[in-house]
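The values are calculated or read from the model by the stated rules, or taken from the named source; none is laboratory data. From a predicted model like this one, the values you see are computed outputs, not experimental measurements. A quick note on method: Cβ atoms are made from the backbone with ideal geometry, for glycine too, and the neighbour counts reach across all protein chains shown.
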């Protein structure tokens, strides 16, 4: 019978799990499952897919536990795993879907490139809860390339170089995607704000 | 505004420009109203996002979610293990090389056995009136001694020489079995 683990700290749980203790690993899953699932959802925007990817990430985490050295926190390490799985999934989906004019426009900025700079601060004066809701809605309307680069840069705080490595593209492409993603986000938030006022 | 300048402006905002270039960019932003407006827009998004991500919870219960993970772990572990072979197939792995080595060893021994030249020791001794010829076949474990008179046939033959072991008188020759 494996020991009961909820009272243990994270480092102890990780050490036990590294020795093959499933109960310790289950406790780690219980503690961080929402964060891992939320990151998967923020990238793929699909509940079932996010659930599946988050579970895959835990399986990979279990298999690679010996590689975890504790340089970053356990949850950061797990988040990197789920991000990589999401990126693989999105790449597969991109290969499957036909290249459309819309998809090409997303890469180069599309209509956002021609638009003037809108309201300087589209999120000004919004309640935190409302702001979160709007950001979520706006993120859902971005292409996966734009959304991914925003998630990795703004939420995961990765540098251009690291994003490029993970997304398997050049730093220039990352900069360009991030630029258009931000502009589109500003437009969406401003539009949502106007819509709300009306 | 040129696109490369827009990207540099953003890189400046994200702290990705080298110090010298960042200083020049900062000076340009203070002089250029369009650059300042664009910067304000980019900054508003950059500052709005962190900490404002919608929290999401796994829609399944802890037990159900874990049971699915556990099942996957077990499945992956099983599939990564090599398939268990029946006993004769496992023994085959050992027996085949052993049989090969034994066969080669037998072949070599047979070659040595047959290739070895038979050793014949033949000794001939002649005395007055008598000649003795000893033939020894090592492979046949046999010694044959011929005694032959050189004197006229009327004289009696001397007794057979004994070289050890059993001696059989066979007329003119004695065969000794070692």
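Computed values, structure above
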{"read-out": "Some residue of segment B:1-11 being more than 60 Å from the chain's Cα centre (by Cα), more than 9 Å from every other protein chain (Cβ to nearest Cβ) and assigned to a loop (DSSP other than H, G, I, E, B)", "value": "yes"}
{"read-out": "Positions within segment A:128-160 being within 18 Å of residue B:17 (Cβ to Cβ) and at the interface with chain B (Cβ under 9 Å from one of its Cβ atoms), in sequence order", "value": "A:153, A:157, A:159, A:160"}
{"read-out": "Residue among A:160, A:144 that alone is out of contact with any strand residue (DSSP E or B) (no Cβ under 7 Å at 6 or more places or on another chain), over 24 Å from residue B:55 (Cα atoms) and not assigned by TED's automatic domain parsing to the domain that holds residue A:81", "value": "A:160"}
{"read-out": "Hits in segment B:41-53 - residues which are at the interface with chain A (Cβ under 7 Å from one of its Cβ atoms) and surrounded by 15 or more Cβ atoms within 10 Å (Cβ to Cβ)", "value": "B:41, B:42, B:44, B:45, B:46, B:48, B:49, B:52, B:53"}
{"read-out": "Whichever residue in segment A:33-70 is surrounded by fewer than 18 Cβ atoms within 10 Å (Cβ to Cβ) and over 26 Å from residue A:93 (Cβ atoms) and, among such residues, is nearest to the other protein chains (Cβ to nearest Cβ)", "value": "A:66"}
{"read-out": "Candidate set from segment B:54-69 (those that are more than 7 Å from chain A (Cβ to nearest Cβ) and in a helix (DSSP H, G or I)); member that is farthest from residue A:25 (Cα to Cα)", "value": "B:64"}
{"read-out": "Count of segment A:154-179 residues which are part of a helix (DSSP H, G or I) and either touching a helix residue (DSSP H, G or I) at 6+ places or on another chain (Cβ under 8 Å) or closer than 16 Å to residue B:15 by Cα (or both)", "value": "18"}
{"read-out": "Failed criterion for residue A:117 (all others in (1) modelled with pLDDT under 95; (2) part of a helix (DSSP H, G or I); (3) surrounded by 15 or more Cβ atoms within 10 Å (Cβ to Cβ) hold)", "value": "(2)"}
{"read-out": "Members of segment B:15-35 that are surrounded by 15 or more Cβ atoms within 10 Å (Cβ to Cβ) and closer than 16 Å to residue A:182 by Cβ", "value": "B:16, B:35"}
{"read-out": "Pairs, first free of Cβ contacts under 8 Å to residues at least 40 places away in the same chain in segment B:1-23, second surrounded by 13 or more Cβ atoms within 10 Å (Cβ to Cβ) and part of a loop (DSSP other than H, G, I, E, B), C-beta under 8 Å, six or more apart", "value": "B:8/B:17; B:11/B:17; B:16/A:159"}
{"read-out": "Filter pass, residue B:17 being over 30 Å from residue A:31 (Cβ atoms), within 12 Å of chain A (Cβ to nearest Cβ), outside any loop (DSSP other than H, G, I, E, B) and out of contact with any strand residue (DSSP E or B) (no Cβ under 9 Å at 6 or more places or on another chain)", "value": "no"}
{"read-out": "Residue match in segment A:57-68 (condition: part of a loop (DSSP other than H, G, I, E, B) and either modelled with pLDDT under 95 or not assigned by TED's automatic domain parsing to the domain that holds residue A:132 (or both))", "value": "yes"}
{"read-out": "Residues of segment A:15-56 that turn out to be touching a residue at least 60 places away in the same chain (Cβ under 8 Å) and outside any helix (DSSP H, G or I), as a count", "value": "1"}
{"read-out": "Residue A:29, sole failed condition from (1) at positive phi; (2) within 14 Å of chain B (Cβ to nearest Cβ)", "value": "(1)"}
